[in-house]
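**Student:** This is the structure I have questions about; it appears just below.
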Amino acid sequence: MAEEAPFIFLAEGMREAFHGEVSTGQLLSTQDVVAQGKAILDGGATRTIGSVVALSKVCELNEKNRGTAGVKKVDMNDRPIFGFGNSSRNQCASTAQLEVPLDGRMSTLKVHALDEGSAPILL
């Protein structure tokens, strides 16, 4: 039986929710988030998912800044199906384990990689 996790992303009204300001004084577009190798905290997410484009950018920045892409493992058999807000369903291409700094030491973040679009990583 295929594993599924619902996903809905709503950005409408976010500027008003933050009163037009965040710590940098401006809101980032999803393209900016991907370009900067950042992720979006999704309080409703049951699992972490990101586009292959976003994961590639994180690896590129890791290589530039830390000298390693930071990929511990890529599992080509772990390919869950996600449902999206537009009623589409997509199967991930793989699941990656990324090394991430956490509290002064390295930890591992499991990210399901979707090979469609260029959405940021959702935590």
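**Student:** Restrict the check to the range 106-121 and report whether at least one residue is free of Cβ contacts under 8 Å to residues at least 24 places away in the same chain, open to solvent by less than 40 Å² (accessible area, probe 1.4 Å) and among the hydroxyl-bearing types (Ser, Thr, Tyr).
**Tutor:** Yes: one or more hits.
**Student:** Then there's this: Within the range 76-105, can you find the residues that are of a type in the set (A, V, I, L, M) and either in contact (Cβ under 8 Å) with a residue 12 or more places away in the chain or over 21 Å from residue 33 (Cα atoms) (or both)?
**Tutor:** 76, 81, 93, 96, 98, 100, listed by residue number.
**Student:** Quick one: count up the residues across the range 77-105 that are modelled with pLDDT of 95 or more and loosely packed, with under 10 Cβ neighbours inside 10 Å.
**Tutor:** The number of residues fulfilling the criteria is 1.
**Student:** If you don't mind, another one. For the range 32-66, which residues satisfy the criterion of being on the phi < 0 side of the Ramachandran plot and assigned to a loop (DSSP other than H, G, I, E, B)?
**Tutor:** Across the range 32-66, the qualifying residues are 36, 38, 41, 42, 43, 44, 45, 46, 47, 48.
**Student:** Here is a further query. Given the conditions (1) of a type outside the set (Ser, Thr, Tyr); (2) within 10 Å of the chain's Cα centre (by Cα); (3) open to solvent by less than 40 Å² (accessible area, probe 1.4 Å), report the number of the one that residue 39 does not fulfil.
**Tutor:** Evaluating residue 39 over (1) of a type outside the set (Ser, Thr, Tyr); (2) within 10 Å of the chain's Cα centre (by Cα); (3) open to solvent by less than 40 Å² (accessible area, probe 1.4 Å) leaves (3) as the failure.
**Student:** Scan the range 45-74 and report the pairs whose first residue is touching a residue at least 12 places away in the same chain (Cβ under 8 Å) and closer than 16 Å to residue 32 by Cα and whose second residue is assigned to a helix (DSSP H, G or I) and open to solvent by 30 Å² or more (accessible area, probe 1.4 Å), with Cβ atoms within less than 7 Å and a gap of 6+ or a chain change.
**Tutor:** Here the result reads 57/35, each pair linking the range 45-74 to a residue that is assigned to a helix (DSSP H, G or I) and open to solvent by 30 Å² or more (accessible area, probe 1.4 Å).
**Student:** OK, next. If you go through the range 64-71 one residue at a time, do you hit one that is touching a Ser or Thr at 6+ places or on another chain (Cβ under 8 Å), surrounded by fewer than 16 Cβ atoms within 10 Å (Cβ to Cβ) and modelled with pLDDT under 95?
**Tutor:** Looking through the range 64-71, none of the residues is touching a Ser or Thr at 6+ places or on another chain (Cβ under 8 Å), surrounded by fewer than 16 Cβ atoms within 10 Å (Cβ to Cβ) and modelled with pLDDT under 95.
**Student:** For the range 68-78, how many residues are under 15 Å from the mean Cα position of the chain (by Cα) and basic (Lys, Arg)?
**Tutor:** Result for the range 68-78: 0.
The values are calculated or read from the model by the stated rules, or taken from the named source; none is laboratory data. Please read these numbers as outputs of a predicted model, since none were measured by experiment. For neighbour counting, all protein chains shown are included, and Cβ atoms are generated from backbone atoms with ideal geometry for every residue, glycine included. The protein model used for the area step is the full one, side chains on, heavy atoms only, and it has no ligands, DNA or RNA in it. Shrake-Rupley method; radii C 1.70, N 1.55, O 1.52, S 1.80 Å.
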